[in-house]
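The structure under discussion appears below in the form of structure tokens.
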Amino acid sequence: MTFLTDRTQQVAYQGTLSKLQPLLYGFPQGSVLDPLLFNMYTADISKVVKSHGHKNHQYTDDCQVYPGVPVSETVSAVDHLSHSLVGDVSKWLSSFVSARRRRSSSG
């Protein structure tokens, strides 16, 4: 068994333990590698944000988008963020999850 492979999980509820279940995705939470690995996995999200003319800041599981527009354009920038950018991030996330599943199932 290693740090990232051959891992299992088990749930304890009201004094009863579930069967051990294999963990097929992810990495252990709370490790010193969490911020680095998460940012490596999600680095491409910056490309999606930049393709819309915005900037972002990421740390661990947090991503902040900065529209960088004059105050007079705030309403239209928020409208753009809530439609176009969120749609593209959703597409990126779907392709990311699909790719992870393909890699996990292929070996």
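The values are calculated or read from the model by the stated rules, or taken from the named source; none is laboratory data. These numbers come from a predicted model, not from an experiment. Cβ atoms come from the backbone with ideal geometry, glycine included; neighbour counts cover every protein chain shown.
Could you grab me the full set of residues in the stretch 54-80 that are touching a His at 6+ places or on another chain (Cβ under 9 Å), exposed (fewer than 15 other Cβ atoms within 10 Å of the Cβ) and not in a strand (DSSP E or B)?
Gly68
Of the residues that make up the stretch 87-106, is at least one more than 20 Å from the chain's Cα centre (by Cα), modelled with pLDDT of 85 or more and farther than 30 Å from Arg7 by Cα?
Applying the first criterion (more than 20 Å from the chain's Cα centre (by Cα)) to the stretch 87-106 yields 106.
Subset that is modelled with pLDDT of 85 or more: none.
No, the conditions are met nowhere in the stretch 87-106.
Of the conditions (1) surrounded by fewer than 11 Cβ atoms within 10 Å (Cβ to Cβ); (2) modelled with pLDDT under 80; (3) in a helix (DSSP H, G or I), His83 fails just one. Which one is it?
Among (1) surrounded by fewer than 11 Cβ atoms within 10 Å (Cβ to Cβ); (2) modelled with pLDDT under 80; (3) in a helix (DSSP H, G or I), the lone unmet condition for His83 is (2).
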